[in-house]
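J.: Below is one structure. I have some questions about it.
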Amino acid sequence: MNQNYSTVAQRSTSAIATNKVLRNTYLLLSMTLLFSGFTAALSMLMNTPPMTYLISVIGGMVIAMFVLPRFANSPAGIGIVFLITGMLGFGLGPVLSMYASLPNGGNIITLSLGGTGVIFMGLSAYALATKKDFSFLGGFLMVGFLLVLLAALANIFLQIPAMSLMISAVVIMIMSGFILYDTSRIIHGGETNYVLATIGLYMTIFNIFISLLQILGIMSNDD
Amino acid sequence: MDWMEIISALALIAFIIFFFPAAREMIKNNPQGTSSDWMGFVIPVIAIAIFVTFLAMLV
């Protein structure tokens, strides 16, 4: 009898901890997205050159891969997440300025932003409602991601617009898988650090937004 | 080929080298999904593809 109570208590404690990670992740994610929006607007106002995007993405990725894991369990981790997301947002400035200068630019940016929001919220709601375990996707998504990086590398030399469109479409599919995978890991206790969970989900949102911008930008040119 | 493309290519090569061991490890320790599990992934991805096509038609 006591053992049953103990099991129920353990499950309840685990569920509370999971909910806390989930709540903190979404809270930090929403704050970092707002901060990114602010730095992107700042970058647009400053009229930063195109190389800002490249420098910010490489800098942000290097900090995310090598610095953040060391500070993920300390309060400094939150500051580093804001630094990374602020840098990535700042890098978006010249990209958004370029799209805004297109005849249909405002529409493309609005649709990409709205589309990214719908995809993220839809997939998160699906993972949360079904409570399915998507841990089996890990290997598949990582291999897919590496193949996309290889294809993107090849396309720097080949410069094929159709391949660029295809890469963006595949990135959206893979990032959608990562949203399911990451959300499922939080729900099932595989990810207990909300700082790392936030940066993972932020990266998926960032990549979906950039890919949608590229797809809609290419499609609007076909008129 | 300008210097930005060269830096992009070098950065992509660095990312591939960095992610490769993690990918190999994930494949080794990856739990197997059933056909029902895969359908739970494929259906939302198809929905996303339809949604993106719809967005592309709006621009």
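J.: Scan region B:2-17 residue by residue and report those that are in contact with a helix residue (DSSP H, G or I) (Cβ under 8 Å, 6 or more places away or on another chain) and more than 7 Å from chain A (Cβ to nearest Cβ).
T.: None - no residue of region B:2-17 is in contact with a helix residue (DSSP H, G or I) (Cβ under 8 Å, 6 or more places away or on another chain) and more than 7 Å from chain A (Cβ to nearest Cβ), so the list stays empty.
J.: Among A:46, A:1, A:87, A:31, which is open to solvent by 90 Å² or more (accessible area, probe 1.4 Å), at pLDDT 95 or above and of a type in the set (A, V, I, L, M)? I'd like the intermediate steps shown before the answer.
T.: On the way: A:1 fails: at pLDDT 95 or above; A:87 fails: open to solvent by 90 Å² or more (accessible area, probe 1.4 Å); A:31 fails: open to solvent by 90 Å² or more (accessible area, probe 1.4 Å).
Result of the check over A:46, A:1, A:87, A:31: A:46.
J.: Now a separate question. Could you identify the single residue in A:168, A:164 that is under 22 Å from residue A:199 (Cα atoms) and either among the hydroxyl-bearing types (Ser, Thr, Tyr) or exposed (fewer than 15 other Cβ atoms within 10 Å of the Cβ) (or both)?
T.: A:168
J.: Let me ask another. Residues in region A:174-195 that are part of a helix (DSSP H, G or I) and either free of Cβ contacts under 8 Å to residues at least 24 places away in the same chain or away from chain B (no Cβ under 11 Å) (or both): how many?
T.: Residues meeting the conditions: 8.
J.: Name the residues in region A:189-209 that are open to solvent by less than 30 Å² (accessible area, probe 1.4 Å) and within 11 Å of the chain's Cα centre (by Cα), would you?
T.: A:197, A:198, A:199, A:200, A:201, A:202, A:204, A:205, A:206, A:208, A:209, listed by residue number.
J.: Would you mind stating whether residue A:152 is in contact (Cβ under 8 Å) with a residue 12 or more places away in the chain, open to solvent by 30 Å² or more (accessible area, probe 1.4 Å) and either within 11 Å of chain B (Cβ to nearest Cβ) or closer than 19 Å to residue B:20 by Cα (or both)? Let's see the steps before the verdict.
T.: Working: in contact (Cβ under 8 Å) with a residue 12 or more places away in the chain: yes; open to solvent by 30 Å² or more (accessible area, probe 1.4 Å): no; either within 11 Å of chain B (Cβ to nearest Cβ) or closer than 19 Å to residue B:20 by Cα (or both): yes.
Criteria not met by residue A:152.
J.: Which members of region A:96-124 meet the condition of being within 17 Å of the chain's Cα centre (by Cα), surrounded by fewer than 18 Cβ atoms within 10 Å (Cβ to Cβ) and at the interface with chain B (Cβ under 8 Å from one of its Cβ atoms)?
T.: A:118, A:122, listed by residue number.
J.: Now, a different point. May I ask you to list the residues in region B:1-49 that are more than 17 Å from residue A:137 (Cα to Cα) and among the hydroxyl-bearing types (Ser, Thr, Tyr)?
T.: Selection gives B:8 alone.
J.: What residue, of A:52, A:48, is in a helix (DSSP H, G or I), of a type in the set (Val, Ile, Thr) and touching a residue at least 40 places away in the same chain (Cβ under 8 Å)?
T.: Selected residue: A:52, the only one of A:52, A:48 that is in a helix (DSSP H, G or I), of a type in the set (Val, Ile, Thr) and touching a residue at least 40 places away in the same chain (Cβ under 8 Å).
J.: Okay, next question. Can you run down the residue pairs with Cβ atoms below 6 Å, 6 or more apart or on separate chains, where the first is in region A:75-89 and farther than 21 Å from residue A:52 by Cα and the partner is surrounded by 19 or more Cβ atoms within 10 Å (Cβ to Cβ)?
T.: A:77/A:195
J.: Just for region A:125-139: of the residues that are open to solvent by 10 Å² or more (accessible area, probe 1.4 Å) and either more than 9 Å from chain B (Cβ to nearest Cβ) or outside any helix (DSSP H, G or I) (or both), which one is nearest to residue B:49 (Cα to Cα)?
T.: My answer is A:125.
The values are calculated or read from the model by the stated rules, or taken from the named source; none is laboratory data. This one's a predicted model, so the numbers in the text were calculated from it and none came from an experiment. Here Cβ is always computed from backbone atoms with ideal geometry, including for glycine, and neighbour counts include all displayed protein chains. Ligands, DNA and RNA are stripped out before the accessible areas are found, and what is left, the full protein with its side chains, is counted by its heavy atoms. Shrake-Rupley method; radii C 1.70, N 1.55, O 1.52, S 1.80 Å.
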